[in-house]
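Colleague: First, the structure itself, so that you have it in front of you.
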Amino acid sequence: FTGVAVSALERGVGVVAVEPYGCRALNAALEAGAVVDVPVDSVAADSLGARHVSSAALEWAREDGVRSVLVSDESIVSARQALWDDRRIAVEHAAATALSALTSGAYRPRTGEKVAVLLCGANTDPADLTRGH
């Protein structure tokens, strides 16, 4: 998060930090006003399962232009499956987390706002996406 936030904010680009409810280290730190430990239990825990954020991440998350959004595991799984079914793009659950903020309505872009979602498939077993179809 910190690297993306620094780069984006220095260029005037806003950042939406999306976390699963079960892995909400950044969101919890913002809420508490300090770095705190959180439980980790989510389909995206392999990539997003930090128990706490760094003080630098919290500092950058407090900047204007940063928003924190939480999403459910169900919306993550749905967004991941939709990427495969509709586009044949295989991504890990963590990558689908960002998209799920849009598809679930947890994040609603402001009028005229341009939105980009970064996707990564590095931790993906494509067989997971085709089972049962």
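Colleague: Find the residue count for the stretch 65-102, including only residues that are crowded, with 16+ Cβ neighbours inside 10 Å and among the basic types (Lys, Arg).
Modeller: Residues in the stretch 65-102 being crowded, with 16+ Cβ neighbours inside 10 Å and among the basic types (Lys, Arg): 1 in total.
Colleague: How many residues does the stretch 34-64 hold that are open to solvent by 40 Å² or more (accessible area, probe 1.4 Å), small (Gly, Ala, Ser), assigned to a loop (DSSP other than H, G, I, E, B) and within 20 Å of Val16 (Cβ to Cβ)?
Modeller: Of the residues in the stretch 34-64, 2 are open to solvent by 40 Å² or more (accessible area, probe 1.4 Å), small (Gly, Ala, Ser), assigned to a loop (DSSP other than H, G, I, E, B) and within 20 Å of Val16 (Cβ to Cβ).
Colleague: Is at least one residue of the stretch 39-53 within 30 Å of Asp128 (Cβ to Cβ) and over 16 Å from the mean Cα position of the chain (by Cα)? Before you say what the answer is, go through the steps one by one.
Modeller: Initially, the stretch 39-53 is screened for residues within 30 Å of Asp128 (Cβ to Cβ), giving 39-53.
Add one more test, that the residue is over 16 Å from the mean Cα position of the chain (by Cα), and what stays is 39.
Yes; the residues of the stretch 39-53 include at least one that is within 30 Å of Asp128 (Cβ to Cβ) and over 16 Å from the mean Cα position of the chain (by Cα).
The values are calculated or read from the model by the stated rules, or taken from the named source; none is laboratory data. Note that this is a predicted model, so its numbers are computed, not measured. All Cβ positions, even for glycine, are placed from backbone atoms using ideal geometry, and neighbour counts span all protein chains on display. Accessible surface areas use protein heavy atoms only, side chains included; no ligands, DNA or RNA. Shrake-Rupley method; radii C 1.70, N 1.55, O 1.52, S 1.80 Å.
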